[in-house]
């Protein structure tokens, strides 16, 4: 009895960890397992193992066009938001100007506001401007909420950058442009890359704001939502699982590259 | 990029240089000439304006007024990359994303120099770290990073090398070693070094000329020996080493000497070492210049009688005494432990004696503690 108690107290943190990760990963595991389900109509009951869904991920009507839309919107919104957000981050992180403190606060607002409110008010604006809802209104909406996250991420990186490194570059005959190109940008780049990944996953994932401003355009989250009631095809699980592993791959690759850069080999 | 100003040569000349932040003057009307090829130290406590002066010379700070020139070339309004000046930064500021080789090659490449590899290899050999060329800065020890920072600057053969507290982050033993090494490198490459530090020992070990700075101004400038033996202000007397400053007044003259009355006891001081506008003086004598004896043994020179030891600290190479004088002031005495005689005891009645030519006298109107309460190790 005593040894059991001791074992328990020694391994408590491990048990806790296993329970924690189980809780976090059960939905992911469930999605993955059911991507192999030989389903009919509704993918809720296990009916047997098959590779058919993975062999033919576009085998269900509309799922791949929706995925394509999400990809296109995600890449475009990420591209625009990353450029704009990085420029804002440099302005806020490097220069003193009138209204900087206010801008610093305002930039947080889109992150703090409820998505429902943002989505609804964007819809009002688009309707008042007489814009046709669809692909481009979704892109505009996504850029809007991604910028804040990019600014915050990149700004943190700039703040951690020792200004003496840029001074050293200038001291060593690099003019302003060369200093940015050779020292500032390479050192801030990991932050910008992280911000871009974050922006893409936020955009790819978004349902609420998109739902207000999509018109007849269907993105992947919208597809999943509308089909969840009637029975979601296992292809959605296939795409979800694939996205999960892709993200995992990027993170692991990023860490390996990061380590190599640190070790300097 | 390489215009006439980046190849300027000659003495560094600062003329009425001032840097104000609102009401506060970090550097106040500073003028000085640093001869080409010298090892010059700006010494002072933190906040005295020495780093601001250095940054203005580097072009990283804009002077409020005044002029900076090298030889005949005015560089006051030049950008940092347009000056023949390189800096060794306090925390080295090595580029973390570049290898040691590329760090050192940085300045050469920006100026479009051809034989980069040859020059980098040469300077790596000079600092004795050729095997580290392919490493990244974070893989190096503090001492190695320090040497690479020096190499990265001197490879450009600037007219002027600025060193901003270059040894501050190293431990004492390594600092001593680097002091000797830096001095050697300076002699080897023959460049002008301007060295900013709060560490008086560091300044005295390396520099030919030291300017002691206080509150944005130069208190006194001279060779280490001049500053130590004949300081002109209480600040310099206290900041460089330690001094016993005793209030007194000049009462008589005796050849080259003034005769000073110190609380009823007479002492002499060289007229050439007296820096007072009137008869009121602070008579000064360094602790190691004093000899301590049990009562009234006859020794040549001046003497104080009636002292009583109130504290003894044995520190191996020497013994430090605090001696209370009849006028209640405590005088510090450092006695070399070179005679095999055991230290005196607390409570002993003693006589202090000294060679009068070793003493100096300062203006009596000054605060006798100026420069002594600043902790030089504090940043």
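The values are calculated or read from the model by the stated rules, or taken from the named source; none is laboratory data. Note that the structure is a prediction, hence the values are computed from the model and not measured. Note that we place each Cβ from the backbone using ideal geometry, even for glycine, and neighbour counts take in every protein chain shown.
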In the range A:174-191, which residues are more than 7 Å from chain B (Cβ to nearest Cβ) and either farther than 23 Å from residue A:105 by Cβ or at pLDDT 95 or above (or both)? A:176, A:177, A:179, A:180, A:181, A:182, A:184, A:185, A:189, A:190
If you scan the range B:161-191, which residues turn out to be outside any loop (DSSP other than H, G, I, E, B), touching a helix residue (DSSP H, G or I) at 6+ places or on another chain (Cβ under 9 Å) and closer than 26 Å to residue B:9 by Cβ? B:161, B:162, B:163, B:164, B:181, B:182, B:183, B:185, B:186, B:188, B:189
Which of the residues belonging to the range B:133-160 are within 11 Å of chain A (Cβ to nearest Cβ), buried (at least 18 other Cβ atoms within 10 Å of the Cβ) and either under 25 Å from the mean Cα position of the chain (by Cα) or assigned to a helix (DSSP H, G or I) (or both)? B:137, B:149, B:152, B:153, B:158
Those residues of the range B:349-365 which are modelled with pLDDT of 90 or more, in a loop (DSSP other than H, G, I, E, B) and surrounded by fewer than 20 Cβ atoms within 10 Å (Cβ to Cβ) amount to B:355
Residue ID - farthest from the other protein chains (Cβ to nearest Cβ), chosen from residues in the range B:59-73 that are part of a loop (DSSP other than H, G, I, E, B) and within 16 Å of residue B:13 (Cβ to Cβ): B:72
Take residue B:110 and tell me if it is facing another protein chain (nearest Cβ under 9 Å) and either on the phi > 0 side of the Ramachandran plot or surrounded by fewer than 16 Cβ atoms within 10 Å (Cβ to Cβ) (or both). no
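To keep it simple, each residue is scored yes or no on (1) at pLDDT 90 or above; (2) surrounded by 14 or more Cβ atoms within 10 Å (Cβ to Cβ).
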| site | (1), (2) |
| --- | --- |
| B:274 | yes, yes |
| B:282 | yes, yes |
| B:290 | yes, yes |
| B:294 | no, no |
| B:299 | no, yes |
| B:311 | yes, no |
Out of curiosity, is residue B:226 at pLDDT below 90 and either away from chain A (no Cβ under 14 Å) or outside any loop (DSSP other than H, G, I, E, B) (or both)? no
For the subset of the range A:224-240 comprising residues that are out of contact with any helix residue (DSSP H, G or I) (no Cβ under 8 Å at 6 or more places or on another chain) and assigned to a helix (DSSP H, G or I), which member is surrounded by the fewest Cβ atoms within 10 Å (Cβ to Cβ)? A:228
Before we move on, is residue B:76 within 9 Å of chain A (Cβ to nearest Cβ), under 24 Å from residue B:194 (Cβ atoms) and in contact with a strand residue (DSSP E or B) (Cβ under 7 Å, 6 or more places away or on another chain)? no
Just to be sure I understand the filter: pairs with C-beta atoms under 6 Å, separated by 6 or more residues or on different chains, first member in the range A:19-47 and in a helix (DSSP H, G or I), second member modelled with pLDDT under 85. Which pairs pass? A:34/A:43
Got at least one residue in the range A:159-173 being surrounded by fewer than 23 Cβ atoms within 10 Å (Cβ to Cβ) and away from chain B (no Cβ under 13 Å)? yes
